[in-house]
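S.K.: Have a look at this one.
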Ligand SMILES: [Zn+2]
């Protein structure tokens, strides 16, 4: 058992909240930092399924990647699905923390983990954080890097590498499986809007979870192969990793990951 405040400090070490995008809503979103916690559950999204699981396991803290609430709420009632979930969480004494883009952008965060799975070299952020004159290439928005060796790698080879770590990817591409790529831009989740950034880095492929039809057409017209693996598949593995990191840092709480959360999207 330990104070929630101590767990927040450990989370901050892994995914510093100042790495989050300005539009995001990250950190402790529901609950008191004075609360005692003995069980933490991580998951991708706070849903009726993950809430029910957290209640059954008697977790006092849920670390969900996607923020709830995300937008400001004028009222918390059972008339909306978000209000209903928040009410139930509060009534069950469950605190909610969301790292979202802070975890996407962190040193060992989601985009870096995807770059490692693809075995990319010379990996850098698509966009560095402005921090005076010193540029830290280990943190920032998205990642990009080169496929290993001299030869281009086929799209199917890249999907195979991902499958070794994420068996449930929904692999789709704007190009054929044998198309060769050398330089890959990565944005986990819904990354289509970052296509311009990926193009400006000279990438010939972009890996993301989901993108719109028009973003895929735009990628094609710019000569960039869009590789889509599903929003859930592009991020949920990292909530297990986050639980492992947190457990390694905290001995007085048990940290688990949702076992019921699944999605084809
Ligand atoms: Zn996401």
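The values are calculated or read from the model by the stated rules, or taken from the named source; none is laboratory data. Predicted, not measured: the structure shown is a model, and the values here were computed from it. In this analysis, Cβ positions are derived from the backbone assuming ideal geometry, glycine residues included, and neighbour counts consider all displayed protein chains.
S.K.: Scan region 232-244 and give yes if some residue there is away from the ligand (no atom under 16 Å from the Cβ), closer than 16 Å to residue 42 by Cα and not assigned by TED's automatic domain parsing to the domain that holds residue 158, otherwise no.
M.R.: yes
S.K.: Answer with yes or no whether residue 70 is within 16 Å of the ligand (Cβ to nearest atom), in contact (Cβ under 8 Å) with a residue 12 or more places away in the chain and either farther than 30 Å from residue 130 by Cα or not assigned by TED's automatic domain parsing to the domain that holds residue 251 (or both).
M.R.: no
S.K.: Working only within region 27-62, note down all residues that are more than 18 Å from residue 87 (Cβ to Cβ), surrounded by fewer than 21 Cβ atoms within 10 Å (Cβ to Cβ) and under 16 Å from the mean Cα position of the chain (by Cα).
M.R.: Result: 27, single match.
S.K.: Could you check region 186-213 and list, in sequence order, the residues that are part of a helix (DSSP H, G or I), free of Cβ contacts under 8 Å to residues at least 40 places away in the same chain and crowded, with 19+ Cβ neighbours inside 10 Å?
M.R.: Answer for region 186-213, where residues must be part of a helix (DSSP H, G or I), free of Cβ contacts under 8 Å to residues at least 40 places away in the same chain and crowded, with 19+ Cβ neighbours inside 10 Å: 192, 195.
S.K.: Against the conditions (1) modelled with pLDDT of 95 or more; (2) touching a strand residue (DSSP E or B) at 6+ places or on another chain (Cβ under 9 Å); (3) more than 27 Å from residue 246 (Cα to Cα), where does residue 148 fall short? Just the number, please.
M.R.: (1)
S.K.: Go through (1) more than 29 Å from residue 107 (Cα to Cα); (2) in contact (Cβ under 8 Å) with a residue 12 or more places away in the chain; (3) assigned to a loop (DSSP other than H, G, I, E, B) and name the single condition residue 45 misses.
M.R.: (1)
S.K.: Could you please let me know if residue 102 is farther than 18 Å from residue 181 by Cα and assigned to a helix (DSSP H, G or I)?
M.R.: Yes, satisfied.
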